[in-house]
Amino acid sequence: MAVLLVYQYCKQFLLKKLITDSTASLPFLHKDGLIFNPNLSECHKYQFVINFCSLVDIGSPKLDSRTAISAPKERPKFAKKLAKDSSYTISYLINSCGLSPEKAISASEKVHFETPERPNSVLILLKKHGFSRTQIANLVRKRPSLLLYNPEKTLLPKLEFFESIGVSKIHLWGTISRDPTLLTRSLDNHIIPNYNYLKSVVLTDEKVSAAVRRTSWVFQENHGKNLAPNVMVLKELNVPQSCIIYLLTHYPEAVLQKRDEFRASISKVVEMGFNPLMTAFVLALHAISGKSNKMTWARCYETYRKLGWSKDDIYLAFRKHPNCMILSEKKISKTMDFLVNKMGWESKMIASRPSVLFYNLENRIIPRCSTVQFLFSTELIKKKEVKLSTVLVPTEKYFLEKFVTKYEKQVPKLHDFYLGKIGIEEL
C-alpha cells in the first residue's frame, strides 16, 4: 500500500508539472499510459482521477518552494477552460453515468459539457423508459455524444416509434445499449423510410421487430444501398416470399451484405446444388455470408475432415442441413465422439442425417442412446434393425412408446434408467 501511495504522489507531481507547463489533458495522459498502471486498484485509479481534476485550477506563476521548479507564464484562458471542461466531463461520466475512470477519459475525447442540465435530462429520459444503469453506461461509453442530444425532440420520438411498431421494451433496451448508433439516425429521413420498406417485404410489424432484434443495421443503413437491391436479386431467382421473410427475420445480416458480395454468395449456393425455391437455399446463403460465418464454415469443414468425412460427405450434410456448417467445433466433436466411439455408429451415417448434431447431448442424445444400447446388450432389440434417426429424431412420446414402455415388463426400472435416476447396474 505504501508503494502505491508513493507511486500515486509521484504521478500527481508529474501531472502538476504537465498541467502548469502545458494544456495537457486527461485523454493525453491516458494515451501515454501515465495514469492506468496495472498495479493500481480500481479504488486508487478512481481517486487518482479525482486528484487530477483538482489540479486543473493550478495556474500560479510563482516558484514552488518544495520543488524549486519555476512555473511558466499564465496559461491562455482557452487552455484553462479546456482543462476545466474535461475534468468536469470526466467526473460526470464516472459519477452519473457509471463509467470506469479509464472509459470516462476515453469518452471525454468525444463529448464536452460545462453544466449537467442537458446530460441529466438525457439520463432521466433513459431511466424513465426502463434502461438499467449498466445499459446506460454501455450506451454512453459507445456513443457519449448522445448526452448532448435533445431528449424530448430527438431521442423520445425514436423510442416511442420503435415501441409503437411492437419492439418490446426489453428488446429495445438491449438493442440500443449494444449499438446506440440507432438513436443517431434521423427518424423522418432514415428510420421511417427503412421501416416502410421492410414492412412492404415482411408484411407485419411483428416481423419487422424480429429483424431489428437480430441486428439494428436494418434501420441504420439506408435500405436503398444494399438491402433493397439484394432482395430484388432474390425475387429475380424466384425465391418464395416466405423464404425471403424467413431470411430477413432470422438472418437479416445476410441480406445487408454489399451487393457484389451478396451476388457472389448467391452464385456459390446455386453452384452447390441448392434450389432457390426451398428454405434450405436461404439457410445456406446465411451460412456462407459474412466474414464470421465464412470462417466458421471453414473451421467446421476441417473438423468434419478430421473426423473422417470426405468432401462429398460434408457437402451432402450441408445440403441436407446447412446450419451444420455453423456449429461450434466443440459441439461437433463431442457429439460425434459419443455417437461413433461410444455407440459404434458409422461416422458417414451421421452425414446423411446431420440434424442429429443439433440435439442436446446431455438431455437427449445420451439418455436415448444409453437406453437403446442397453436393449442391444440384452438382445431385446437388434442393432441392425435400429436407425440413428429412429432413436434421436422422434418426439419424446414416440421414443418412450417404442423403446421404454414396450419393454417395461422385461425391465421394470427401464424408465428410471432413462431418466437417469438409477445406474445400469441397478437394472
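The values are calculated or read from the model by the stated rules, or taken from the named source; none is laboratory data. Values in this document were obtained by computation on a predicted structure and should not be read as measured data. Reconstructed Cβ throughout: ideal geometry from the backbone, glycine too, with neighbour counts over all protein chains shown. Remember, those area values only see protein heavy atoms, side chains included, never the ligands or the DNA or RNA. Shrake-Rupley method; radii C 1.70, N 1.55, O 1.52, S 1.80 Å.
Mind checking which residues of the range 387-427 are touching a residue at least 40 places away in the same chain (Cβ under 8 Å), outside any helix (DSSP H, G or I) and under 44 Å from the mean Cα position of the chain (by Cα)? Please lay out each step first, then the result.
First, the residues of the range 387-427 that are touching a residue at least 40 places away in the same chain (Cβ under 8 Å): 388, 393, 414, 417-420, 424, 427.
Still in the running and outside any helix (DSSP H, G or I): 393, 419-420, 427.
Selection gives 393, 419, 420.
Answer with yes or no whether residue 365 is outside any helix (DSSP H, G or I) and open to solvent by less than 80 Å² (accessible area, probe 1.4 Å). Quick ask: steps written out before the conclusion?
Details: outside any helix (DSSP H, G or I): no; open to solvent by less than 80 Å² (accessible area, probe 1.4 Å): yes.
When the stated conditions are applied, residue 365 does not pass them.
Restricting to helices (runs of 4 or more DSSP H) lying wholly in the range 157-225: which have 3 or more residues that are small (Gly, Ala, Ser)? Please lay out each step first, then the result.
On the way: elements: 169-178, 192-202, 205-214, 217-220.
Here the list reads 205-214.
What do you reckon, is residue 314 open to solvent by less than 60 Å² (accessible area, probe 1.4 Å), in contact with a Pro (Cβ under 9 Å, 6 or more places away or on another chain), part of a helix (DSSP H, G or I) and of a type in the set (Val, Ile, Thr)?
Numbers: open to solvent by less than 60 Å² (accessible area, probe 1.4 Å): yes; in contact with a Pro (Cβ under 9 Å, 6 or more places away or on another chain): no; part of a helix (DSSP H, G or I): yes; of a type in the set (Val, Ile, Thr): yes.
Taking the combined requirement at face value, the residue does not satisfy it.
Can you confirm whether the range 202-220 contains a residue that is exposed (fewer than 15 other Cβ atoms within 10 Å of the Cβ), closer than 30 Å to residue 241 by Cα and in contact (Cβ under 8 Å) with a residue 12 or more places away in the chain? If you could, list the steps in order and put the result at the bottom.
At the first step, the residues of the range 202-220 found to be exposed (fewer than 15 other Cβ atoms within 10 Å of the Cβ) are 203-204, 206.
From what's left, closer than 30 Å to residue 241 by Cα: 203-204, 206.
If we keep only those that are in contact (Cβ under 8 Å) with a residue 12 or more places away in the chain too, we end up with 203, 206.
Yes, the range 202-220 has at least one match.
Residue-by-condition table, conditions (1) surrounded by fewer than 13 Cβ atoms within 10 Å (Cβ to Cβ); (2) farther than 22 Å from residue 208 by Cα; (3) touching a residue at least 40 places away in the same chain (Cβ under 8 Å):
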position	(1), (2), (3)
229	no, no, no
233	no, no, no
242	yes, no, no
249	no, no, yes
292	yes, yes, no
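Quick one: in the range 317-362, which of the residues that are among the polar types (S, T, N, Q) and in a helix (DSSP H, G or I) is most open to solvent (accessible area, probe 1.4 Å)? If you could, list the steps in order and put the result at the bottom.
Filtering the range 317-362 for residues among the polar types (S, T, N, Q) gives 323, 328, 333, 335, 341, 347, 352, 355, 360.
Still in the running and in a helix (DSSP H, G or I): 323, 333, 335, 341, 347, 352, 355.
Values: 323: 25, 333: 40, 335: 1, 341: 108, 347: 21, 352: 44, 355: 31 Å².
Among residues in the range 317-362 that are among the polar types (S, T, N, Q) and in a helix (DSSP H, G or I), the one most open to solvent (accessible area, probe 1.4 Å) is 341.
If the Cβ limit is 8 Å and pairs must be 6+ apart or interchain, which residue in the range 339-355 that is over 14 Å from residue 325 (Cα atoms) and basic (Lys, Arg) pairs with which residue that is open to solvent by less than 20 Å² (accessible area, probe 1.4 Å) and part of a loop (DSSP other than H, G, I, E, B)?
Close Cβ pairs satisfying both conditions: 348/309.
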